[in-house]
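**Q** Quick one: structure below, then a few questions.
The values are calculated or read from the model by the stated rules, or taken from the named source; none is laboratory data. Predicted model, so just to flag it, every value in this text is computed and none were measured. Cβ: placed from backbone, ideal geometry, glycine included. Neighbour counts: every protein chain shown. Please note that ligands, DNA and RNA were not included when accessible areas were found on the heavy atoms of the full protein model with its side chains. Shrake-Rupley method; radii C 1.70, N 1.55, O 1.52, S 1.80 Å.
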Amino acid sequence: AHPETPWTDEEFLSRALAGGLDFEPGTRFNYSNTGYLLLRRLLDRMDGGGFAGAVREGVLEPLGLEATFLPEDPEGLRPLVPGESRLVGPTVTDVRGVYHPHWVGHRVLASTIHDLLRFAPALTGAGLLSSDGLQQMLSGVDVGVDSHPFTRPRYGLGVMLDQRGRDHGVVGHLGGGPGYGAALFRTYGPGDAPITVAVLSNRDGGSEVQRVALNLLDAAERHGHAAG
């Protein structure tokens, strides 16, 4: 009802935590953005430049991702292509200048296909994480529910995982919200050279771009070609 005025962290947390724990920690798994909100708050306290500074100094600058940035208010979306949404107004509305990105409590990044295709190999290779960090990220837990088109959906540290073959898997994530959707997936493991697929959309939601990305990845693997 008020896309320009997001909840504060305190409002997010009071609503999320009001019902207590869903289960004892370590006994089950359930995806929750609230955990990433808490992580962002820790970075805001621990790093001199806050979360934005940590992302810029730890990821964007080392990898040369010059077109990727953290939009902090509705006007921060202006450089993007128009994002058409049915979620922020009575009719289809361009979310730029209307929707406040802080409705995503753990924050969002805006990027380009070029930057995404540079980021994915660095994340899963030697460009960003230590070997121990990479192993921890890829040590996922089973989601426990059917999630087509994934074959064996798991969740790692901040990434979605799937076992697409006997000796290789897929790592990545999707994003979706008012006006935009994104998906970035990359194969990993022994065998053929890794394949990366990135899909961006300027429509509501992310599930459709995820389906397109995974279908493209499967087609590229069948034909033995890299995809971008």
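**Q** List every DSSP H helix in the chain whose Cα atoms extend 18 Å or more along the helix's own long axis and whose mean Kyte-Doolittle hydropathy is at least -0.5.
**A** Flagged H segments are 33-46, 207-223.
**Q** Sticking with this structure for a sec: Picking from Gly48, Leu60, Gly26, whose Cα lies most toward the positive end of the charge dipole for the chain (charges on Cβ: Lys, Arg +1; Asp, Glu -1)?
**A** Of the candidates, Gly26 comes out farthest on the positive side.
**Q** Next question. Work out which chymotrypsin sites (Phe, Trp or Tyr not before Pro) in the chain are exposed loop sites (DSSP not H, G, I, E or B, at most 12 other Cβ within 10 Å) and give the longest gap free of them.
**A** In the chain, the maximal stretch lacking such sites is 32-228.
**Q** Now for a different question. In nm, to one decimal, how far is the modelled label at Asn202 from the one at His106, with both set 7 Å along Cα→Cβ?
**A** Taking the two extended label points, one gets 2.8 nm.
**Q** What FRET efficiency comes out for the pair Glu84/Arg211, r = Cβ-Cβ distance, R0 = 22 Å, nearest 0.05?
**A** 0.70
**Q** May I pose another question? Can you tell me the convex hull volume per residue for segment 132-228, based on C-alpha atoms, in Å³ to the nearest whole number?
**A** It comes to 101 Å³ per residue, whole-number rounded.
**Q** Return the FRET efficiency for the residue pair Ser130, Leu39: r is the Cβ-Cβ distance, R0 is 22 Å, and the value is rounded to the nearest 0.05.
**A** The calculated FRET efficiency here is 0.75.
**Q** Keeping all protein chains in the complex and leaving out DNA, RNA and ligands, what accessible area do you get for Asp44 with a 1.4 Å probe, in Å² to the nearest 10?
**A** 70 Å²
**Q** Okay, next question. Accessible area per residue for the chain in Å², computed with a 1.4 Å probe and the full protein assembly in place, what is it?
**A** 57 Å²
**Q** Take Glu24 and Arg222, extend 7 Å from each Cα along the Cα→Cβ direction, and tell me the distance between the two endpoints in nm.
**A** Rounded to a tenth, the inter-label distance reads 4.7 nm.
**Q** For segment 1-111, what class follows from the C-alpha gyration tensor (a ≥ b ≥ c being the square roots of its eigenvalues): rounded when a/c is under 1.5, otherwise prolate if a/b is larger than b/c, else oblate?
**A** In terms of gyration-tensor shape, oblate.
**Q** Still on this structure, please answer the following. What number comes out for the charge environment of Ala183, summing +1 per Lys or Arg and -1 per Asp or Glu over other residues with Cβ under 12 Å away?
**A** Around Ala183, the charge tally is +1.
**Q** Read through the labelled values (1) 18.7, 58; (2) 18.1, 51; (3) 18.0, 54 and report the label of the one computed as Rg and Dmax of the Cα atoms in Å from the structure.
**A** Checking each listed value against the structure points to (2).
**Q** Using only alpha carbon pairs under 8 Å that are at least six residues apart, calculate the relative contact order of the chain and give it in whole percent.
**A** 15 percent
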